[in-house]
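Taking it in order: structure first as structure tokens, then the write-up.
The values are calculated or read from the model by the stated rules, or taken from the named source; none is laboratory data. Note that the structure is a prediction, hence the values are computed from the model and not measured. Here the Cβ positions follow ideal geometry from the backbone for every residue, glycine too, while neighbour counts run over all protein chains shown.
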Amino acid sequence: MTDKNVLIIGGGVAGLSAALELARLGLRVDLVEKSDFPGGHAIQFACKAADKCVKCGACAAEEKLRDAVQHPNIRLLTGAQVENLSKNNGRFSASVQKKPAYIDPQKCTDCGLCFDKCPSGAILRGFSKSHSPFYSLCEEKCLYIKDKSCRVCEAVCPESALRLDKSSESYPCEPDAVIVAAGFTPFSPENKPYGYKIFKNVITNLELERMLRLESRAVRPSDNAEPKKIAFVQCVGSRDAQLGHVWCSKICCGSALRMARVIKTRQPETEITFFYMDVQTFGKDFKVFYESVQKDIRMIRAIPGDIFKTGDEGLRVTFLDPPSHETIEEIFDMVVLSIAITPCNDSKSLAELTGLDIADSGFFDIAESKSGQGIFTAGTAQGPMSIAESIASAGEAAWKTMKYLEVRSEK
Ligand SMILES: Cc1cc2nc3c(=O)[nH]c(=O)nc-3n(C[C@H](O)[C@H](O)[C@H](O)COP(=O)(O)OP(=O)(O)OC[C@H]3O[C@@H](n4cnc5c(N)ncnc54)[C@H](O)[C@@H]3O)c2cc1C
């Protein structure tokens, strides 16, 4: 089986898991990740253990990434995309375009000088220590790429790991099967009446995840102070018939409650209010967790109408009080919007590339399987799911791939 090669599109937890399953069985895997850092959304998440592990899955994503980057059978191409894909005599032919490798991972020692000294914020920092190099260069912000006016990063790097004159590279590959694990795109809440991107202290749950990961506590973006009152607003962009997003994103209640709990443990003075439609249960220990969470967090079964800013960057939230049916206004220091899991921005182009079908929801249609043709899907490319479910779905995709390849080699 070692002569078999599989192309995986998307290096999130699903793509990494599928790659590992196949690599451990002796197959060679080309794992193509569009962004500069592998690991997808889950690699940005914080561990949410308060007094004990709450099984949020963040460490599982870390583990998959660490194992995948070390596996000799996996070639991980970051900043890369599959440009074309065709099939002849049962074998695919693809070409992968990879953006220039400005920072040499073999030389970079993670000293951080390029990050600190770059005048335009063009050096980006990874989330995980398994990101190698730990830094990447954002071409849109780089002054050298804009008008050749700056080479500070090259000059300050003591290891000469940076080279700004690199060009993009093209990698041909001939996979025997393809797995699409391009994940999801988080809903953009700009058009909701919550002042996102207008009021500094309205953030998304994804931004709170990153904040907890990097700073281990919740802080108000406006002044870096610890907020005294936080409101979580659930179902922003999910279960919304007007948007055509009728699905429940499944993970937001669990993720938001776990984050609320961890904030309450680390910052006990902070009051937390949770606005929700109904709480989506998760895991077999949910009942016990939910009972204990309700002691610390005020739960209000209502979704706020509008949010307005007060003079001191506070946020006036209006909502219909469930018992009295009266409209109430309350001031919070920070609002966290639990944004929906929506189909990956690239799903249409990937459907054209691979011939996969797209369901009415916009996610890949798993009922219209292309298994017989050697093309499979994994993870949230199929629809909302948790990290554990994404790993399980990747295992299933790897198993189907093996079955397809065995059937083909027996013929
Ligand atoms: C705010 C938030 C909090 C969450 N919290 C939790 C939690 O606590 N616990 C939990 O279990 N789950 C949680 N989830 C769900 C979790 O994020 C997903 O289960 C997981 O990230 C799915 O992994 P994936 O690989 O399917 O997709 P993704 O994480 O989206 O990864 C897909 C990858 O594919 C890449 N890609 C996209 N298009 C292309 C292309 N054309 N070519 C190459 N690469 C491409 C992307 O750059 C990305 O790296 C949360 C989700 C959100 C939004």
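Looking only at region 354-380, which residues are closer than 26 Å to residue 174 by Cβ, outside any loop (DSSP other than H, G, I, E, B) and within 16 Å of the ligand (Cβ to nearest atom)?
Selection gives 354, 364, 375, 376, 377, 379.
Residue by residue through region 381-404, note down the ones that are within 10 Å of the ligand (Cβ to nearest atom) and touching a helix residue (DSSP H, G or I) at 6+ places or on another chain (Cβ under 6 Å).
387, 390, 391, 393, 394, listed by residue number.
Taking into account only those residues within region 15-38 that are within 7 Å of the ligand (Cβ to nearest atom) and either modelled with pLDDT under 95 or of a type outside the set (A, V, I, L, M, F, W, C) (or both), which is nearest to residue 381 (Cα to Cα)?
In this case the residue turns out to be 15.
For the structure I just gave you, tell me whether residue 40 is assigned by TED's automatic domain parsing to the domain that holds residue 178 and surrounded by fewer than 20 Cβ atoms within 10 Å (Cβ to Cβ). Steps first, please.
Values: assigned by TED's automatic domain parsing to the domain that holds residue 178: yes; surrounded by fewer than 20 Cβ atoms within 10 Å (Cβ to Cβ): no.
When the stated conditions are applied, residue 40 does not pass them.
Among the numbered criteria (1) buried (at least 19 other Cβ atoms within 10 Å of the Cβ); (2) out of contact with any helix residue (DSSP H, G or I) (no Cβ under 7 Å at 6 or more places or on another chain); (3) outside any helix (DSSP H, G or I); (4) not acidic (Asp, Glu), which single criterion is violated by residue 144?
Of (1) buried (at least 19 other Cβ atoms within 10 Å of the Cβ); (2) out of contact with any helix residue (DSSP H, G or I) (no Cβ under 7 Å at 6 or more places or on another chain); (3) outside any helix (DSSP H, G or I); (4) not acidic (Asp, Glu), only one is false for residue 144: (3).
Matching residues to (1) over 20 Å from the mean Cα position of the chain (by Cα); (2) away from the ligand (no atom under 16 Å from the Cβ); (3) closer than 17 Å to residue 335 by Cα; (4) loosely packed, with under 15 Cβ neighbours inside 10 Å:
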residue	(1), (2), (3), (4)
239	yes, no, no, no
242	yes, yes, no, yes
248	no, no, no, no
252	no, no, yes, no
256	no, no, yes, no
260	no, no, yes, no
269	yes, yes, yes, yes
272	yes, yes, yes, no
276	yes, no, yes, no
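For residues that are out of contact with any helix residue (DSSP H, G or I) (no Cβ under 8 Å at 6 or more places or on another chain) and assigned to a helix (DSSP H, G or I), scanning just region 293-323, find the one that is farthest from residue 233 (Cα to Cα).
295
Can you list residue pairs whose Cβ atoms sit under 8 Å apart, with the first residue in region 173-186 being on the phi > 0 side of the Ramachandran plot and away from the ligand (no atom under 11 Å from the Cβ) and the second being of a type in the set (Ser, Thr, Tyr) and in a loop (DSSP other than H, G, I, E, B)? Count only pairs 6 or more apart in sequence or on different chains.
Listed by first residue and then by second, the contacts come to nothing, as the list is empty.
Where the second residue is within 12 Å of the ligand (Cβ to nearest atom) and small (Gly, Ala, Ser) and the first is assigned by TED's automatic domain parsing to the domain that holds residue 229 and lies in region 246-264, which pairs have Cβ atoms under 6 Å and are six or more apart or on separate chains?
248/238; 249/238; 249/340; 251/386; 252/338; 256/338
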